[in-house]
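The values are calculated or read from the model by the stated rules, or taken from the named source; none is laboratory data. Small disclaimer: the values here were computed from a predicted structure and weren't measured. Cβ coordinates were reconstructed from backbone atoms using ideal geometry, including for glycine residues, and neighbour counts include every protein chain displayed.
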Amino acid sequence: MRRTGWAIAMRRIGDEFDIAQFLASALVRKIAANKFQLLAAERDTFHELPDDVIARIEQIVCEAYLEAGEDVGGDILREHLWQQALRARRDMVANGELISEADFRQRLGVTEGRLSSLLADGSLFTLEVDGAVYYPAQLADQTHNRSRLQAICRIIASAPADSRLGFLSSRRGSLGDRSPLDMLENDDDFKSLSRLAAAWAAEWSRTAVKMYEGEHQAVPTDVEPLYTAVVEIDPRRPLWERASEALHAPGYEWPLGPYPKLAPFTLFVERQIAGNPEPISEALVQISVDGESLRVRVVHKDAPALPPQTLPAGKRLSVVEVAQRVIAHLMKR
């Protein structure tokens with residue numbers, strides 16, 4: 001008989017703590033019902049248990065429900081990983097790896113205004129722990145080449161803050177078992193690091209180009225696209241440059257061809273952020289033939305449609321070749 005998450009948690013709590021079974025049972029159910037955290041309003045009910053015991057039991061309950069396979073939609077795993085990350089951040093605050101803004105500004109020797117500018121352009125970043133904002137102490141370490149460190153931070157700014165910190169401090173085989181922080185002084189090392197950082201940052205965002213027959217205002221949900229191309233690329237690069245890269249780079253494309261000849265079709269440009277299943281619509285382009293010309297209508301996200309444009313139709317090309325021509329035209333505008 002398969003054990004439930006509740007049963008596994010109860011056994012493990014009994015192995016570690018001397019808690020009355022009725023109390024442990026109530027605690028497990030309340031924790032499991034609230035995303036594996038005990039509500040503050042329920043804390044008085046278990047006032048005899050220290051905070052560190054409650055925290056440990058929250059961890060036990062989450063791991064038990066995961067082990068039992070009671071993870072519909074992956075919610076438990078996501079919560080488990082979030083709790084792990086939160087505990088790690090709390091430890092970093094406790095050991096001085098994350099510091100307050102006042103301490104950080106003092107170490108860095110900058111004004112509040114200058115700090116705001118460095119945050120805005122991605123030269124620095126923060127992490128949130130229990131509702132408070134902290135700064136990685138490594139970013140203010142005077143033993144590092146500060147200008148080069150901030151340059152790398154700007155390159156990787158498209159990634160989540162905790163992942164950026166992990167990138168900077170983790171040793172990598174591709175860097176000769178060194179961390180990026182170890183490669184800031186030597187010119188050749190820094191060039192290699194900059195290339196690696198750009199490639200790593202691109203992995204956090206993909207740009208997709210999808211084409212559908214006919215004119216559409218939104219991505220159709222009831223038909224397959226004529227063509228889809230996807231590329232991992234830095235989202236800070238211009239929209240049409242990213243779309244062009246998707247159409248030309250040897251990344252993912254489907255189907256492989258041959259592609260239909262020109263007919264009215266709509267091209268959608270979307271951005272996909274790692275960890276987020278929902279794509280972000282950025283623009284659509286409606287393309288049709290008007291005599292000897294291509295009629296192009298562009299609509300950017302959250303903006304009114306631009307006036308229609310015309311391009312020479314030229315010889316009859318496939319929809320992919322036409323899309324490449326239209327995107328090349330839009331890149332020049």
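Residues in the stretch 115-145 that are of a type in the set (G, A, S), crowded, with 16+ Cβ neighbours inside 10 Å and within 20 Å of the chain's Cα centre (by Cα): G122, S123. I'd like to know if the stretch 166-174 contains one or more residues that are in a helix (DSSP H, G or I), surrounded by fewer than 16 Cβ atoms within 10 Å (Cβ to Cβ) and under 21 Å from the mean Cα position of the chain (by Cα). Yes, some residue in the stretch 166-174 is in a helix (DSSP H, G or I), surrounded by fewer than 16 Cβ atoms within 10 Å (Cβ to Cβ) and under 21 Å from the mean Cα position of the chain (by Cα).
Rundown of residues vs (1) closer than 22 Å to I233 by Cα; (2) touching a Lys or Arg at 6+ places or on another chain (Cβ under 7 Å); (3) assigned by TED's automatic domain parsing to the domain that holds Q272, yes/no style:
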| position | (1), (2), (3) |
| --- | --- |
| Q106 | no, no, no |
| L139 | no, no, no |
| P160 | yes, no, no |
| G166 | yes, no, no |
| D177 | no, yes, no |
| D182 | no, no, no |
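Scanning the stretch 127-154 for residues that are touching a residue at least 12 places away in the same chain (Cβ under 8 Å) and hydroxyl-bearing (S, T, Y) returns Y134, Y135. Looking only at residues in the stretch 273-313 that are of a type in the set (D, E) and more than 19 Å from E213 (Cβ to Cβ), the one that is modelled with the lowest pLDDT is D302. Taking the stretch 19-45 only, how many residues are in a loop (DSSP other than H, G, I, E, B), over 34 Å from the mean Cα position of the chain (by Cα) and surrounded by 15 or more Cβ atoms within 10 Å (Cβ to Cβ)? Of the residues in that region, 1 qualify. Close contacts from the stretch 64-86, counting a first residue that is closer than 18 Å to I13 by Cα and surrounded by 13 or more Cβ atoms within 10 Å (Cβ to Cβ) and a second that is at pLDDT 80 or above and among the aromatic types (F, W, Y), with Cβ to Cβ under 9 Å and a gap of 6+ residues or different chains, come to A64/W6; Y65/W6; Y65/F36; A68/W6; H80/F36; H80/Y65. The criterion of being in contact (Cβ under 8 Å) with a residue 40 or more places away in the chain and surrounded by 19 or more Cβ atoms within 10 Å (Cβ to Cβ) does not hold for L239. Residues in the stretch 229-251: is at least one of a type outside the set (A, V, I, L, M), in contact with a Pro (Cβ under 7 Å, 6 or more places away or on another chain), modelled with pLDDT under 90 and in the same structural domain as G314 (by TED's automatic domain parsing)? Scanning the stretch 229-251, I find no residue that is of a type outside the set (A, V, I, L, M), in contact with a Pro (Cβ under 7 Å, 6 or more places away or on another chain), modelled with pLDDT under 90 and in the same structural domain as G314 (by TED's automatic domain parsing), so the answer is no. Kindly check whether there is at least one residue in the stretch 51-60 that is touching a residue at least 40 places away in the same chain (Cβ under 8 Å), farther than 30 Å from L196 by Cβ and of a type in the set (A, V, I, L, M, F, W, C). Checked the stretch 51-60: at least one residue is touching a residue at least 40 places away in the same chain (Cβ under 8 Å), farther than 30 Å from L196 by Cβ and of a type in the set (A, V, I, L, M, F, W, C). Taking the criterion of being assigned to a loop (DSSP other than H, G, I, E, B) and at pLDDT below 95, the residues of the stretch 112-140 that qualify are D121, G122, D130, G131. Of all the numbered requirements in (1) surrounded by 12 or more Cβ atoms within 10 Å (Cβ to Cβ); (2) out of contact with any Phe, Trp or Tyr (no Cβ under 9 Å at 6 or more places or on another chain), N95 misses one, and that requirement is (1). Taken over the stretch 147-159, the criterion of being out of contact with any strand residue (DSSP E or B) (no Cβ under 9 Å at 6 or more places or on another chain), farther than 13 Å from L193 by Cβ and part of a loop (DSSP other than H, G, I, E, B) is satisfied by A157 alone.
Would you mention how many residues in the stretch 226-236 are over 17 Å from I155 (Cβ atoms), surrounded by 20 or more Cβ atoms within 10 Å (Cβ to Cβ) and not aromatic (F, W, Y)?
Residues of the stretch 226-236 that are over 17 Å from I155 (Cβ atoms), as a first pass: 226-231.
If we keep only those that are surrounded by 20 or more Cβ atoms within 10 Å (Cβ to Cβ) as well, we get 226-227, 229, 231.
Applying the additional criterion that residues be not aromatic (F, W, Y) yields 226, 229, 231.
Count: 3.
Summed over the stretch 303-333, residues that are closer than 25 Å to P255 by Cα and not in a helix (DSSP H, G or I) total 6.
Taking the condition of being outside any loop (DSSP other than H, G, I, E, B) and either within 23 Å of the chain's Cα centre (by Cα) or charged (D, E, K, R) (or both), how many residues in the stretch 175-191 meet it?
8
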